[in-house]
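Here is the structure we will look at, set down as structure tokens.
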Amino acid sequence: MPEETDTPEDTPAKGSKKPLLIGIVLALLGGGGGFFAVQSGVLGGAEHGQDATAHADESPAPAVEIATFVALDPLVISLPRSGGRDHLRFSAQLEVAPQYAQEVAAIKPRIVDVINGYLRAVDLAELEDPAALTRLRGQMLRRIQIVAGEGRVRDLLIMEFVLS
């Protein structure tokens, strides 16, 4: 029986490492060039040293809007008997302009009534969806703004939203 020996035709040819080395060198040069461009400010990256202080002196800090917060009474809403959830505990605060704080506080019972009616009408599956809180907040805020009048209530801050 003849012996089998590896001939040069049978062994696979090894790939050249030249393209790999060229790729690594180009990646390093590109990374170094990008770092230099950002640090020198050519690409508008982070500002350091004297440039940052010069720009800070040119533009004044934006004025902070003053707001007053009106706390709403906590709500406990009975849920339909499905899914093992019985109640929703909800508490929130309203962000209002300081000149309207007294007016909004005077109509808190009406606002609580609107929120209570809305949350009772929402489907339990929607209440359980974590992504739905933003949508629910927007719906409640719009209803509150209608009751309170345009321009009085800026935002609704949800402090507690617990299904139990």
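Here, each number is a calculation from the coordinates, and none is a lab measurement. Bear in mind the structure is a predicted one, so any value in this text is a computation, not a measurement. Positions of Cβ are generated from backbone atoms using ideal geometry, with glycine treated the same way; all protein chains shown enter the neighbour counts.
Can you tell me, using C-alpha contacts under 8 Å and at least 6 residues apart, the relative contact order of segment 68-163 as a whole percent?
Values: 134 pairs, mean separation 37.8, N = 96.
Dividing the mean separation by the residue count of segment 68-163 yields 39 percent.
How large is the Kirkwood hydrodynamic radius of segment 68-163, counting all unique pairs of alpha carbons, in Å?
The answer is 13.7 Å.
Give me the dipole magnitude in Debye, nearest 20, for segment 65-113 about the Cα centre, with unit charges on the beta carbon: positive for Lys and Arg, negative for Asp and Glu.
Numbers: 5 positive and 6 negative charges, 65 e Å.
The calculation lands at about 320 debye.
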